[in-house]
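As structure tokens, the structure follows; a few thoughts come after it.
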Amino acid sequence: MRIQLTDKAKQILESIYYNRPEIKINYQIDDKLEKQTGALGQHEIDDKTGDSIIIIDAKHITEQVITHELLHCYMYSAKYPKLRVLNFENDIINFVATHVENVIAHKIIQRKQDLLGIDTEDFNKKFAYSLGENITYEPNEFERQFKFSFKILDAEIRCKNIECNYKNAIMNKFPTSYGIFTQIYTEIINYDFYTPFEYRRAMIKILRVCENILFNNGFKIEFNRAIATEFVPSKRQLTLRVDQIFDFKPSINEFNDEKGYVLMSKSENQACYFINKVNTEEKERLAKKTLISFFDDLNIKYSVR
Ligand SMILES: [Zn+2]
């Protein structure tokens, strides 16, 4: 079976090639994707080649799923900033990094699908109504409640324009998770973000709220240091020196004892890059570079605000 692209999908493809003419997109159909991951589609990046890989579940080769994955690829081609973690072994840091990026990206994807007139209503409703179906009671542990609140957040973002009364059921069955969801959602409900710069700011907002919620429940994690979000400079900042924009804070990767630095943006006190295996001399050299040559030398992809 081959993947046929509709006109709307081709429109997205055009903007991808406009951003990155050299990009290769590799389409795959998988018989077991939904069974194994619960996802109908998936977008991955080949680390070596930078190619894009779109995997679609064999039973869901639909315009909704294909355009959704193509829009993930579009965000990659437009160099929307990514979240990164220094240490992978902390489950809650990993969870927050992955899910914050995911829900914020889905807000952008949903908006673009709406603009293109792609009907995702049934598709999203199905997702929202199946939420928590397999769970009888709300779990007692805070960690599980916190994690479930991101499922509600994802559903709410996708269903924003839909009359959905799945919410009452969720609110009654998962009151604590719903409360956490409300705290996070309030931060972004009135805030529209489209550009990579605004997208990054939205991610930082949610990271701050999560840090607070977790702190009040006994998890003391400084997300501004533990999770890095790439920098989206202005044109003017590209010509500034790296140490005018970032503070270099020493870091140790507990996982492999590697010493390096966290580059914290001075204006936001937010980690932007983790630089590993760098000694003091190299650090001094990096600090004196202009931002643009720093990006070029380290092969860091960036977009300009
Ligand atoms: Zn997605």
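Comparing N168, G179, A155 along the charge dipole axis of region 125-218, the residue lying farthest to the positive side is A155, per the Cβ-charge model. What residues from region 56-83 fall in the zone where the backbone N is under 15 Å from a label point 7 Å along the Cα-to-C-beta line of N26? It comes to 56, nothing else.
For region 231-297, the residue among T280, F248, T290 whose Cα projects farthest onto the positive side of the dipole built from Cβ charges is T290.
Evaluating 6.51 cos²θ - 1.76 cosθ + 1.60 at θ = phi - 60° for every residue in region 287-295, the Karplus couplings come out as 4, 8, 5, 6, 4, 5, 6, 4, 4 Hz, glycine and proline recorded as x. Here's how it looks for Y273: its modeled amide H is under 5 Å from those of L263, which are all 5 or more places away or on a different chain. Region 64-139 and region 291-305 have Cα centres separated by 27 Å. Rounded to the nearest 20, the Cβ-based charge dipole of the chain about its Cα centre (Lys and Arg +1, Asp and Glu -1) stands at 780 debye. Entry note, region 1-76: relative contact order of 36 percent, from Cα contacts under 8 Å with a spacing of 6+ residues. Taken one residue at a time, the phi angles of region 266-281 give Karplus couplings (6.51, -1.76, 1.60, θ = phi - 60°) of 5, 6, 10, 6, 10, 4, 10, 9, 9, 10, 9, 6, 10, 8, 4, 5 Hz. Gly and Pro are set to x. Derived scalar couplings between HN and Hα for region 97-104 equal 4, 5, 7, 4, 4, 4, 5, 5 Hz in order, rounded to whole Hz, by the Karplus curve 6.51 cos²θ - 1.76 cosθ + 1.60 (θ = phi - 60°), x for Gly and Pro. Between the amide H of I61 and any residue lying 5 or more places away or on another chain, no distance stays under 5 Å, with hydrogens modeled in the peptide plane.
Note: the chain, Cα convex hull, 148 Å³ per residue. Once the Cβ-Cβ distance of Y191 and T290 is raised to the sixth power relative to R0 = 25 Å, the FRET efficiency obtained is 0.20. Listed by chain and number, the aspartates and glutamates whose alpha-carbon sits under 15 Å from that of K205, ignoring those within fewer than 8 places in the same chain, are E101, E187, D192, E222, E230, E268.
The fraction of all Cα pairs in region 213-305 landing in successive 10 Å bins from 0 to the largest distance is 16, 47, 27, 9, 1, given as whole percents. The ellipsoid equivalent to the alpha-carbon distribution of region 91-227 has semi-axes of 24, 21, 11 angstrom, derived from the gyration tensor eigenvalues as √(5λ) and listed largest first.
Footprinting exposure proxy ranking of I3, I108, fewest other C-beta atoms within 10 angstrom first, gives I3, I108.
Relative contact order, whole percent, for region 231-297 stands at 33, derived from Cα pairs under 8 Å and 6 or more residues apart. Sparse packing (at most 13 other Cβ atoms within 10 Å of the Cβ) combined with a DSSP loop state is found for the following chymotrypsin sites (Phe, Trp or Tyr not before Pro) in region 239-305: F255. For the listed peptides 77-84, 35-42, a ranking on the average number of other beta carbons within 10 Å per residue, highest first, reads 77-84, 35-42.
By the helix-only formula, in which each DSSP H run with n ≥ 4 contributes -39500 (n - 2.57) and the sum is divided by residues, the chain has a 222 nm mean residue ellipticity of -15500 deg cm²/dmol.
Since every read-out is calculated from the coordinates, none of them should be taken as a lab result. Everything numeric here is computed off the predicted structure, so don't read it as measured data. Cβ atoms come from the backbone with ideal geometry, glycine included; neighbour counts cover every protein chain shown.
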